Ligand code: SF4
């Protein structure tokens with residue numbers, strides 16, 4: 001069960017409380033290149049990105065905020081490091097949230113100035129604690145541990161509470177999966193602020209996906225996490241797709257087509273691996289939620305295929321197409337994909 005946290009609003013989107021868990025990403029374009037950044041954000045919107053973060057390294061990047069805001073549809077977060085003035089300027093330009101780490105923008109004094117600007121402009125703040133930039137005294141006391149991360153979070157939350165600012169969400173990330181899980185578990189016990197979860201610097205598409213699925217999935221299955229970002233050394237579109245798959249696999253959100261496919265074995269008599277990949281890519285742009293089973297053989301295949309909204313069960317160079325548990329037709333292998341697509345399209349266009 002989802003742990004009930006406080007609820008904050010980022011543009012028109014609620015984060016926390018009983019709100020759906022949202023999928024975020026971050027652009028990897030140069031923010032100063034408005035066209036490329038907007039193009040990437042619009043592509044990310046199409047695959048289900050619900051909140052987008054952009055890096056704001058300098059004044060020129062701040063100048064891109066307004067034009068970007070005018071062309072996108074989802075809430076925009078400015079990612080700030082080192083210079084609190086960039087956070088204030090980004091807030092004044094209309095971003096819906098800023099991500100800061102008080103430790104690297106000059107501590108409580110400068111954080112207060114960012115808080116004042118955020119309050120005035122109805123902007124949320126994400127307090128981002130990162131294992132890579134922990135305070136020196138905490139590192140000395142604990143080393144890079146969950147206790148150090150949590151104490152850093154507590155210390156920084158105090159700055160916001162002393163300034164009566166509650167429009168806050170928190171992340172406490174590390175690249176180690178067990179460390180991240182332990183830190184979030186501890187943090188979830190002591191705070192009610194919404195939590196942004198993820199494994200930072202998780203790695204390349206393959207290993208990062210697995211590490212993120214294990215880390216984020218473990219936390220979500222324990223009810224921890226209100227919004228998530230999968231960090232991959234890859235096109236951010238992959239981050240969003242992976243984020244959604246994690247949520248879908250835990251039945252926390254639904255979106256698009258859920259593909260069930262068998263691993264193939266010695267009984268498979270059609271080219272199922274390529275068929276399943278083609279089915280997945282053919283249906284990837286459909287937002288309507290339904291399930292599709294692509295099964296290799298007539299032994300277990302029809303049973304699974306019947307459970308799904310649509311299904312294919314392979315046979316000897318042929319396949320049976322099912323729709324809602326009923327056999328629709330038997331088709332030759334070479335016509336299977338086209339016939340299957342036709343049947344699904346008829347249905348979703350109804
Ligand atoms: S569904 Fe059939 S082909 Fe696929 S793994 Fe199971 S037994 Fe093998």
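Coordinate-derived values only; no laboratory data. These numbers come from a predicted model, not from an experiment. Counting neighbours? That spans all protein chains shown, and the Cβs are built from the backbone with ideal geometry, glycine included.
Points worth noting:
- Within the chain, DSSP assigns beta bridges of which about 30% are antiparallel (rounded to the nearest 5).
- Helix 107-120 vs. the chain, principal-axis angle (Cα, 0 to 90°, nearest 10): 70
- The calculated FRET efficiency for residue 71 paired with residue 299, based on their beta-carbon distance and R0 = 45 Å, is about 0.30.
- Taking 37, 268, 209 as the candidate residues, the one with maximal mean-square fluctuation in a Gaussian network model of the chain, Cα springs under 10 Å, is 268.
- Of 57, 263, 75, the residue with the greatest mean-square motion in the GNM of the chain, using alpha carbon springs below 10 Å, is 263.
- Its DSSP H runs of at least 4 residues, each contributing -39,500 (n - 2.57), put the calculated 222 nm mean residue ellipticity of the chain at -14000 deg cm²/dmol, to the nearest 500.
- The calculated FRET efficiency for residue 190 paired with residue 121, based on their beta-carbon distance and R0 = 41 Å, is about 0.90.
- Listed residues 189, 24, 40, most fluctuating in the chain (Gaussian network, C-alpha, under 10 Å): 189
- To the nearest ten degrees, helix 205-221 and the longest principal axis of the Cα atoms of the chain are 80 degrees apart.
- The chain gives an Rg/Rh value of 1.05, both radii derived from C-alpha positions and Rh following Kirkwood.
- Ranked from largest, the principal axis spans of the Cα set of the range 44-186 equal 46, 37, 26 Å.
- Extents of the range 257-348, largest first, come to 34, 24, 21 Å (Cα atoms, principal axes, whole angstrom).
- When only alpha carbons are used to place a centre, the range 138-180 and the range 28-88 end up 25 Å from one another.
- Percent of C-alpha pairs per 5 Å bin in the range 31-114, short distances first: 3, 17, 28, 23, 15, 9, 5, 1, 0.
- Between the range 263-284 and the range 309-350, the alpha-carbon center distance in angstrom: 13
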